[in-house]
Amino acid sequence: MLCERCKQRPAVNEVVVMEQDVPVKKRLCRQCTVELMTGYVPVVKRCPTCQMTRQDLLRVRKAGCATCYTVFRDELIKITRQYQQGHDHHIGSVPDQLRTPHERIEERLEKLAGELTRAVEQEDYERAARIQKEMKQLEGQGDV
Ligand SMILES: [Zn+2]
Ligand SMILES: [Zn+2]
């Protein structure tokens, strides 16, 4: 099926665009999606698919859809970093020095597995790849 905007290239994305304040579903090619997205940026940074704004994103602290990852890339990186830092300080209730290194690795792996599932659900494959790499490194340590 061809892109509904340019009617030249194959449609790859289904996006919701505002036409006279009415949300209209359109199938667009990659090029048109990008053009529409950049068109939004100067006014208010808004995801063309789910209509999420930068402010919404900072409030709920997560992406609304896959397109958000392109639109709010910088914001999401910042949020993910804050999230990770916040959580690294209080994992579990047992103080670190009371646990064996092996227990700590197991716990970390479990946590990473959860994060990996989330990353895949959110279609954040870059992050998923990073998590997988970290898990492999940890598994290597566990065998020693
Ligand atoms: Zn097009
Ligand atoms: Zn979105």
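The values are calculated or read from the model by the stated rules, or taken from the named source; none is laboratory data. Just so we're clear, the structure is a prediction, and the values are computed from it rather than from any experiment. FYI the Cβ positions are ideal-geometry reconstructions off the backbone, even for glycines, and counts take in every protein chain you see.
For this structure, a couple of remarks:
- Count of the range 46-77 residues, restricted to those that are within 16 Å of ligand 1 (Cβ to nearest atom) and touching a strand residue (DSSP E or B) at 6+ places or on another chain (Cβ under 6 Å), is 2.
- Filter result for the condition that a residue is modelled with pLDDT under 75 and closer than 22 Å to Tyr125 by Cβ, over Tyr69, Tyr40, Tyr83: Tyr83
- Members of the range 60-77 that are within 9 Å of the chain's Cα centre (by Cα), more than 10 Å from ligand 2 (Cβ to nearest atom) and either closer than 16 Å to Arg118 by Cα or surrounded by 20 or more Cβ atoms within 10 Å (Cβ to Cβ) (or both): Lys62, Leu76, Ile77
- Residues in the range 1-32 that are among the hydrophobic types (A, V, I, L, M, F, W, C), out of contact with any helix residue (DSSP H, G or I) (no Cβ under 8 Å at 6 or more places or on another chain) and either within 20 Å of Thr70 (Cα to Cα) or outside the structural domain of Thr70 (by TED's automatic domain parsing) (or both): Ala11, Val16, Met18, Cys29, Cys32.
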